[in-house]
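Reviewing the structure listed below.
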Amino acid sequence: MKEKTLCHAGELFLIEQLQKNFQYNLKSLVAGIGDDAAVIKYGKDYLLFTTDMMLEGVHFDLHYITPYQLGFKLISVNVSDIYAMGGTPMYALLNIALRKKTETSFFNMLFKGIKHALSYYKTILIGGDISAVRKDIYLSATIIGSTTKPILRSGAKEGDKIYVTGYLGESACGLEILKKKGMRVKPSNNLLKRHLMPAARNPDKLKGIATSMIDISDGLLIDLTRLCDESKVGARIYEEKIPVSPQMRKTALSLGLSPLNLAMTGGEDYELLFTAPHNKKIKAIYIGDIVKSERVIIDKLGFKKAFEPKGYQHF
Ligand SMILES: [Mg+2]
């Protein structure tokens, strides 16, 4: 019989296997594989560790993004995972592999973008590694943060409400504009800005309120599935409550795309998706409720359909 490929196994399954194989019974390890960041109890506080890579041809295309924007984005996507734990970023480490023939101006602009983002998030660079690479560029950042109370993916309870912090599908729509143009364009509108230089959402106002949280990096449906899996609950979301900006709707339709589909499955928005008790007053967008086990979308006519973890999966 032919051996199963990674693509057939799927990313969610692969991570599930790793979670099972690397389980530790350590008092200090509050959360390991399976959350946005690892959580280690350290004295009275908790340290947070996260790492995320960006690969040329997989995560970015230099025909669309400048080295400066790339540097900024690399830090934002990692800070977003610290924010998703209710944390504050503190230190950054970088692993960068570039082609031997890359101009020094590329290197300088990449690090200018990195520096801009680090100062924006009040984080400092403390080390890393640089290497040459034969073909595709490789970038990876590790961010260390802290919090007094981590917000895990696993804390959602039946009866909690589900919220997001802003418009969805913006970044995916921005990418579609770039693909259509086939070249770099100035980030003259919000959709392009949110794709090229996303800003992570600060969770400070959600501390002590949110019962569970994740950042939307791969798409609403897949990230909601991850949160539900970790919390061992279901979710009922309402199609008409999913926030779509007028600009995204208009642009998506003009490109022949479904705005709702972009909002539900488009990645890289870096909005926070969280749950909170139903009786709390929350300044965020309510999109549905945590229920016992079913995972469904209710459409405008009130019809239910089960949702799949659709969104960006590497395998
Ligand atoms: Mg995340």
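The values are calculated or read from the model by the stated rules, or taken from the named source; none is laboratory data. Nothing here was measured: the structure is a model prediction, and the numbers come from that model. Here the Cβ positions follow ideal geometry from the backbone for every residue, glycine too, while neighbour counts run over all protein chains shown. Ligands, DNA and RNA are stripped out before the accessible areas are found, and what is left, the full protein with its side chains, is counted by its heavy atoms. Shrake-Rupley method; radii C 1.70, N 1.55, O 1.52, S 1.80 Å.
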Q. Hey, what do the phi angles of region 156-164 turn into as Karplus ³J(HN,Hα) couplings, whole Hz, using 6.51/-1.76/1.60 and θ = phi - 60°, x for Gly and Pro?
A. 6, 10, 3, x, 5, 9, 10, 10, 10
**Q.** Cβ charges +1 (Lys, Arg) and -1 (Asp, Glu), total dipole of region 6-147, debye
**A.** 420 debye
Q | Protein accessible area in the chain, 1.4 Å probe - carbon and sulfur % | A | 55 percent
Q | Solvent-accessible area of I33 with every protein chain in place, 1.4 Å probe, in Å² to the nearest 10 | A | 90 Å²
(Q) Looking only at the chain, where both bridge partners belong to it, what percent of the DSSP beta bridges are antiparallel (to the nearest 5)? (A) 75 percent
Q.
For a quick check: with amide H placed at 1.01 Å from N, whose amide H comes under 5 Å from I287's, ignoring anything fewer than 5 positions away on the same chain?
A. I162, Y163, V164
**Q.** Within-10-Å neighbourhood charge of R153 [Cβ basis; K, R +1; D, E -1]
**A.** -4
Q | Solvent exposure, largest accessible area first (probe 1.4 Å, DNA, RNA and ligands not counted), of M197, M213 | A | M197, M213
(Q) In region 153-306, if the dipole is taken from +1 on Lys/Arg beta carbons and -1 on Asp/Glu beta carbons about the Cα centre, which of N261, P198, T275 is farthest to the positive end? (A) P198
**Q.** Nearest-10 value in Å² for the accessible area of E308, using the 1.4 Å probe
**A.** 110 Å²
(Q) Taking amide H atoms as placed 1.01 Å from N in the peptide plane, list the residues 5 or more away in sequence, or in a different chain, whose amide H sits under 5 Å from that of A31. (A) V39
Q.
Run lengths n ≥ 4 of DSSP H only: what is the helix-derived mean residue ellipticity at 222 nm for the chain, with -39500 (n - 2.57) per run over all residues, to the nearest 500?
A. -9000 deg cm²/dmol
Q) In the chain, which whole DSSP H runs stretch at least 30 Å along their own axis (Cα) and average -1.0 or higher on the Kyte-Doolittle scale? A) none
Q | Rounded to 5, the percent of DSSP beta bridges in region 6-147 classed as antiparallel | A | 70 percent
Q: Could you pull out every residue, at least 5 positions away or on a different chain, whose amide H is within less than 5 Å of the one on G128? Hs are placed 1.01 Å off N in the peptide plane, and Pro or chain starts have none.
A: L94
Q: For H314, tell me the accessible area in Å² from a 1.4 Å probe, rounded to the nearest 10.
A: 80 Å²
Q | Residue-normalised accessible area of region 72-200, given per residue in Å² at a 1.4 Å probe | A | 47 Å²
